[in-house]
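The values are calculated or read from the model by the stated rules, or taken from the named source; none is laboratory data. Remember, predicted model here, so these are calculated numbers, not experimental data. Counting neighbours? That spans all protein chains shown, and the Cβs are built from the backbone with ideal geometry, glycine included. Calculation scope for accessible area: heavy atoms of the full protein, side chains included, ligands and nucleic acids excluded. Shrake-Rupley method; radii C 1.70, N 1.55, O 1.52, S 1.80 Å.
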Amino acid sequence: MQDKILLINDLPGYGKVALSAMLPVLSHMGFDAYNLPTAIVSNTLDYGQFDILDTTDHMERSIKVWNKLGFSFDAICTGFILTAGQVKLILDYCNEQMKYGTKLYVDPIMGDEGQLYHGVSEETISYMRSMCSHAEIIVPNLTEASFLAGMYEDKCDVTLDEAEELALKLHSEGARSVVITSVLSGGDYYVTCYDDVLKDIYHIPFEHIDVRFVGTGDIFSALLFGRMICGAELRKTVEYAVRVMRRLIEENESEADKFKGIPLEKNLDIIDEEWVKSFD
């Protein structure tokens, strides 16, 4: 039987980010994927003009209907959440679902490059901390990890020891495994991981490619969550996700409009090819 996964993220009308990126990846991996949009967005924000529809009322009504119908999920994966109120709503729903064995996976999207996104308040961070404390795996970038941990918020370049401190602090607050992406340390890039299975912490280096596609974080999270839900090893999965992202970027480098994101549908074979390589 296929695992049933609920994806909670925003839904763009134009662009392969958020739900439009995660759904094809996880469906291709064989999951029975469902979604609860936190916002309907006209297009990716990088175009400079956009419209966002707050779907909080729809989320509340949907959850009430789902509860009456007895819908349940094997895993819930969260991404961009529009407001602090939404974070609380989702946290309450996840807590109820987890009573019946649902596993929670969190990408705490709140900021990047040392800055929180517009509208992210201390209340949002507080609720997000609570959500992360119940998660099997969290995947913050360095900025998000710093604000969640309350450490090094003013630093975009940290030592590897400091990155380890962040990962251990987030684990100590409840998250089982912690994967901090885009760790810049002395000019080199790493993914810093606390592995709850091995009780170990390690850094996986990667080469930074100076090409910016939107939605790469959503794809990385989908790859990571999908393999981990299937019981894969964390280190192998992170190394795999890094390889997939590199190939996706390199093979689409000539795309003129990178604000649309990576055209996933024509690249789904890469997901399988790189996973096979993990066992070579």
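Partner lysines whose Cα lies under 20 Å from the Cα of residue 99, excluding those fewer than 8 positions away in the same chain, are identified as 4, 64, 68, 88. The slack between residue 136 and residue 233, meaning 0.36 nm per residue of separation minus the straight C-alpha distance, is 33.6 nm. Bridging of residue 266 to lysines at a Cα separation below 23 Å is possible for 16, 258, 277, once same-chain residues fewer than 8 apart are set aside.
Counting Lys and Arg as +1 and Asp and Glu as -1, each charge on the Cβ, what is the dipole of region 90-197 about the Cα centre in debye, to the nearest 20? Spell out each step's value before the answer.
Details: 6 positive and 20 negative charges, 88 e Å.
For this selection, approximately 420 debye.
Here the Karplus relation 6.51 cos²θ - 1.76 cosθ + 1.60, evaluated at θ = phi - 60°, turns the backbone of region 176-190 into coupling constants of 6, 10, 10, 10, 9, 8, 6, 7, 9, 9, x, x, 10, 10, 9 Hz, with x for every Gly and Pro.
Pairs from the table (103/155; 155/260; 169/199) lying more than 24 angstrom apart at Cα are 103/155; 155/260.
How do 106-119, 128-141 rank on mean C-beta neighbours within 10 Å, highest first?
The most tightly packed comes first, giving 128-141, 106-119.
Is there a quick way to get the dipole size of region 24-164? I mean about its Cα centre, with the Cβ of Lys and Arg at +1 and of Asp and Glu at -1; what is the value in debye to the nearest 20? Don't skip to the answer; put the middle values down first.
Details: 8 positive and 22 negative charges, 172 e Å.
Value, rounded to 20: 820 debye.
Positive end of the dipole of region 172-280 (Cβ unit charges, origin at the Cα centre): among 180, 204, 278, the Cα lying farthest that way belongs to 180.
Is it possible to state the helix-based mean residue ellipticity at 222 nm for the chain, with each DSSP H run of 4+ residues giving -39500 (n - 2.57), the sum divided by total residues, to the nearest 500 deg cm²/dmol? What is it?
Working: 9 runs with 113 residues, N = 280.
Computed ellipticity for the chain at 222 nm equals -12500 deg cm²/dmol.
Taking every alpha-carbon pair within region 189-278, the share separated by more than 15 Å comes to 60 percent. Among the trypsin sites (Lys or Arg not before Pro) found in region 174-280, those both in a DSSP coil and sparsely packed, with 12 or fewer other Cβ atoms within 10 Å of their Cβ, are 199, 212.
Loop-resident chymotrypsin sites (Phe, Trp or Tyr not before Pro) (DSSP state other than H, G, I, E or B) in region 175-280 with no more than 12 further Cβ atoms inside 10 Å of their Cβ: 279.
For residue 117 and residue 161, calculate 0.36 nm times their separation in residues minus their Cα-Cα distance, and state this gained length in nm to one decimal. Could you put the intermediate results ahead of the total?
Numbers: separation 44, 0.36 × 44 = 15.84 nm, distance 2.64 nm.
Stretched fully, the residue 117-residue 161 segment lengthens by 13.2 nm.
Between the labelled values (i) 14.2; (ii) 15.4; (iii) 18.7, the entry that holds mean projected area of the Cα convex hull in nm² as derived from this structure is (i).
Our summary gives the chain a relative contact order of 17 percent, counting only alpha carbon pairs under 8 angstrom and 6 or more residues apart. Accessible surface for the chain, divided over its residues, is 46 Å² per residue with a 1.4 Å probe.
So, with +1 on the Cβ of K and R and -1 on the Cβ of D and E, and no other charges, what is the size of the charge dipole of the chain about its Cα centre, to the nearest 20 debye? Write down the numbers at each step before the final one.
On the way: 24 positive and 46 negative charges, 195 e Å.
Here the size comes out at about 940 debye.
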